[in-house]
Each structure stands twice: as structure tokens, then as C-alpha cells.
Amino acid sequence: MRNASSTIIAGSLITLLWVASANAQARPDARALTCEQAKQLVNSRGGVVLTTGPRTYERFVSNIRYCLHNEVLRREWTQTKDNNSCQIGYRCSPRTRQNQ
């Protein structure tokens, strides 16, 4: 019985580690893509979270469909491999009185 318990525990730990590593996979890094590649990625997925710096990330969207009803689009620029300020998509931003 002890051997069966050890096997179950070991199998559970392996599964848990596998799931954790899959969830911890790095998101695409905008700095490793060309401006055109980053734009195409945003357009093909509609909405994507990209790494933008050593400890930063941002969600970029292709159009208003990927925002909540009380949000508006704001153009968003980020650094890419070939461009320090590439407008790859938009960011969903809360609606305010100034941007209605």
C-alpha cells in the first residue's frame, strides 16, 4: 500500500510541476519581434499580452471588440527589435469624461 501511495504522490507532483511550467511559459516579447511581426501578432489574435520590458507587460488589442463596454481604444506604442516606438495596436482604457 505504501508503494502505491508513493506512486500516486509522485505522479501528482509531476503533473503539478508540468502544469505550473506550462502556465509559466514566457509570453511573446515585443522586443524580440520586428514591428511588422508584432502588428501581425496583435491583428491575428485580436488581443495579446506581450512582454515589453524586463519586468513589464501590456495587453494589446486590434480593435474595440476586445475591450469592455465601458472602455475606449488608445493607440499604444512599444519597443520592437527594429523600432523604438512601434504602434502595434491599441490598449483598452477606462472611459472618462474627457475621452467619451
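Taking amide H positions as modeled 1.01 Å from N, with prolines and chain starts lacking one, the residues under 5 Å from Asn83 and 5 or more places away or on another chain are Cys35. Counted residue by residue at 0.36 nm each, then reduced by the alpha carbon distance between them, the extension gain from Tyr57 to Ala26 reaches 10.1 nm. Remark: segment 58-67, residue by residue, has Karplus-estimated 3J(HN,Hα) of 8, 9, 10, 10, 8, 7, 5, 4, 9, 10 Hz, where x stands for each Gly or Pro and the curve is 6.51 cos²θ - 1.76 cosθ + 1.60 at θ = phi - 60°.
Here, each number is a calculation from the coordinates, and none is a lab measurement. Not measured: the values here are computed from a predicted model.
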